[in-house]
Every structure is written in structure tokens, then in C-alpha cells.
Amino acid sequence: MYILHISLRLPKNARIKELQLRKDMLSFALFLSVRISMISTILVFIVLVGFIFIKGIAYITPSLFEWEYTSDNVSMIPSMINTINMIIFSLAIAMPLGIFGAIFLTEYSSSKNRLIAIVTIASETLVGIPSIVYGLFGFFAFVLFFKASFSFLAGGLTLTIMILPVILRSSQEALKATPMSYREASFALGAGKLRTIFSVVLPAATPGILAGVILSIGKIVGESAALLYTFGTFTQVSGLFDSGRTLSVHMYVISSEGFHMNEAYSTAMILIIIVLCINVLSNYIAKALTKGNNG
């Protein structure tokens, strides 16, 4: 009987070992693919940034940082100021609309409401539309129809429309990811719905919302196609109704002319540094907010 019992157990143990071996092989394959992907991403980043820095660092001169642009110094300071102003202007409009829209869709609308489905599909579609289409829309809507001409206002409104779906969707997902227990605990303590949203839910969702804002800033800084049709290429620090150029447009224009390719690499290097600084600062703020909320 003992021998028969052992003989019946062996096939079962063998199957268990075979299944365990397959799981181990699959885990190793997945681990290896993740590591290869991670290393490939890092290598691409190093090669890309290294190439730009090697090409551009030798041509960083004081003339590139003069206040006024000329055909000799091709200064990037006016474009840099326009870029910062464009970020502030676009976010000042898009952030309240996107965040409050996400609050309404998440906290005040029923999940079975058709409006939510329509807005979700529309925002997801708008995120995937090429920037050149936004540029054409901004040109026909703001430059021609509303007679804003090539101006900071036309470019800023076009970028606002372009980044609004990104902020809306990221804020919506961040609010959905906030545990329901936070809301229930706030209601149990006697807080109303509005106070719960602004005192409990929004602080908890801030890191996720900030991620969408970071993506939006990246789109604004790197955008050129939409601004060529709305903002123009004039080399000055622009007012609200004046034409101008951002850093990405500045880099495109001087590289397309073919006379200042070295300065174009230097401009690209400065653009990368600005984006890196924005990302590092935003991640620091997100971690600080997360730590404060946990505390």
C-alpha cells in the first residue's frame, strides 16, 4: 500500500514541478524584457541628450543671452521669456477649467450619465489629435475669425485648447484613484461634500493632477507647429496682441535657415535643461505634497 501511495504521488509532484518551472521561466522572461526595455530607454536618453550637449555646449556664448535679437547674435532670451509667459498664460486658463471639470464629472455626475461618456471620448480623441490640426484651428478661429492676428493671445488660446484634455483626463483619473474611504471618513466627521472635495479629495489627488500639468508644460515648451500658425516668428518679447516666438519655434527657424545650426544645437540644449528642471521641480513638489498628505 505504501509503494502504491508513492507511485500515485509522483506524477502529481512532477506536474507541480513542471508548472513551477514554467512560472519561473515566464517570470525570468518578463524580468529580462523589463530590464532590456529599461536599459534601452536609458541608452536612448543618454545618446540623444549627449549628442545635443556635445554639439551645443561649445557654442554657448554670451551673445546668445543678449536682451535683443539680431541676425548676428540670434539671442534666445526673447524666446525664452515668451515661452515662460506662454506656460503661465495657458496653465492659468486650462488648469481651473480642467480640474473643476474633472471634479464635476467625477464627484457630481452619475457614472451612467451619457455626458461623462461623451466628454471622456471627446477628451481622449482630442489628446491624440496632431498639433498641426490645433494650429490650423487656431489660425482659422483666432487669427482670421476673431481678428486676433498673429499674436500671443492667439497662440496662448490655441495651446490652452490643446492641453485642456490632458489636464482634464489626468485630474479625472487622479480623483477616481482617491480611495472612497477618504470621502466616507470626511462625511462621518460632519463635513459637507464641497468641503470634503477641497479639503480631503483634492489634496490626495494632487500628485496625479500634477503629473498631467507636467505633461502639459512639456507640450507647451516643445510645441512649434501650432504656434507657427498662430503666434508667428517675430523676434521680440511680445505683448498680448504682438507676434513673437517661443524657444522651440526659435530653434526651428534658425535651423531651417541653415546659417546658425550650431546656435540651434545650443538652443536645443537650453530647451532640454529647462524641461529637465521643470520635471525635477514638479517631482519634488509632488513628493512633498504626498509626504504632507500622508503626514
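Could you work out how far helix 152-177 tilts from the main Cα principal axis of the chain, as a 0 to 90 degree angle to the nearest 10?
10
Find, to one decimal place in angstroms, the Kirkwood hydrodynamic radius of region 51-149, where the mean of 1/r is taken over every pair of different Cα atoms and then inverted.
Numbers: mean 1/r = 0.0560 Å⁻¹.
Mean inverse Cα-Cα distance, inverted, gives 17.9 Å.
Say a paramagnetic label sat at a point 7 Å from the Cα of F104, along Cα to Cβ; which residues of region 129-168 have their backbone N under 17 Å from it?
Only 161, 164-168 fall inside the zone, counting backbone N under 17 Å.
Give the accessible surface of region 85-225 per residue, rounded to a whole number of Å², with probe radius 1.4 Å and ligands, DNA and RNA excluded. Could you put the intermediate results ahead of the total?
Numbers: 6910 Å² over 141 residues.
Computed with neighbouring chains in place, this is 49 Å² per residue.
If I compute solvent accessible area with a 1.4 Å probe over the protein chains, what percent of it on the chain is carbon and sulfur?
Working: 12390 of 17350 Å².
Using a 1.4 Å probe with all protein chains present, the chain comes out at 71 percent carbon and sulfur.
Not counting ligands, DNA or RNA, and with a 1.4 Å probe, what is E173's accessible surface area in Å² rounded to the nearest 10?
90
Using each residue's phi in region 253-265, evaluate 6.51 cos²θ - 1.76 cosθ + 1.60 at θ = phi - 60° and report the 3J(HN,Hα) Karplus result to the nearest Hz, with x for Gly and Pro.
Along region 253-265, the couplings run 5, 6, 6, 6, 5, x, 9, 9, 5, 5, 5, 5, 5 Hz.
Viscosity 1.306 mPa s, temperature 10 °C: what is the translational diffusion coefficient of region 121-233 from Stokes-Einstein with a Kirkwood Rh over Cα pairs, rounded to a whole number of µm²/s?
Taking Rh from Cα pairs, D becomes 101 µm²/s.
So, in nm, how far is label I93 from label F234 when the simple model puts each one 7 Å beyond its Cα toward the Cβ?
Label-label distance for I93 and F234, simple model: 1.8 nm.
On each of the three principal axes of the Cα atoms of region 198-259, give max minus min coordinate, whole Å, ordered largest first.
54, 26, 17
Over its Cα atoms, what ratio of radius of gyration to 2.2 N^0.38 Å does region 172-276 give?
On the way: Rg = 21.5 Å, N = 105, 2.2 N^0.38 = 12.9 Å.
Normalised Cα radius of gyration, region 172-276: 1.67.
Would you mind checking the tilt of helix 77-103 against the longest principal axis of the Cα atoms of the chain, expressed as 0 to 90 degrees and rounded to 10?
Rounded to the nearest ten degrees, it is 40.
Among Q236, V213, L276, pick out the residue whose Cα is farthest towards the positive end of the charge dipole of the chain, where Lys and Arg carry +1 and Asp and Glu carry -1 on C-beta, about the Cα centre.
V213
How far apart, in nanometres, would the label points at F198 and V280 be if each is projected 7 angstrom from Cα along the Cα-to-Cβ direction?
3.6
Report, in deg cm²/dmol and to the nearest 500, the calculated mean residue ellipticity at 222 nm for the chain, where each DSSP H run with n ≥ 4 adds -39500 (n - 2.57) and the sum is divided by the residue count.
Numbers: 11 runs with 216 residues, N = 295.
Value at 222 nm, helices only, nearest 500: -25000 deg cm²/dmol.
Can you sort K219, K147 by solvent-accessible area, 1.4 Å probe, largest first? Display every interim value, and only then the final one.
Values: K219 60, K147 165 Å².
Sorted by accessible area, descending: K147, K219.
Could you order the peptides 246-257, 190-201 from most to least packed, using the average number of other C-beta atoms within 10 Å per residue?
Values: 246-257: 20.6, 190-201: 14.3.
Listed from highest to lowest mean packing, they are 246-257, 190-201.
What's the center-to-center distance, using Cα atoms, between region 148-192 and region 207-247 in Å?
About 20 Å separates the Cα centre of region 148-192 from the one of region 207-247.
Using 18 Å as the cut-off for backbone N distance, which residues of region 238-267 belong to the label zone defined by a point 7 Å from the Cα of I54 along Cα→Cβ?
Under cut-off, by backbone N: 262-267.
Just the projected area, averaged over all directions, of the convex hull on the alpha carbon atoms of the chain: how many nm²?
Details: hull surface 101.5 nm².
The orientation-averaged projected area of the Cα hull of the chain comes to 25.4 nm².
The values are calculated or read from the model by the stated rules, or taken from the named source; none is laboratory data. All values derive from a computational prediction rather than experimental measurement. Neighbour counts run over all protein chains shown; Cβ positions are idealised from the backbone, glycine included. Calculation scope for accessible area: heavy atoms of the full protein, side chains included, ligands and nucleic acids excluded. Shrake-Rupley method; radii C 1.70, N 1.55, O 1.52, S 1.80 Å.
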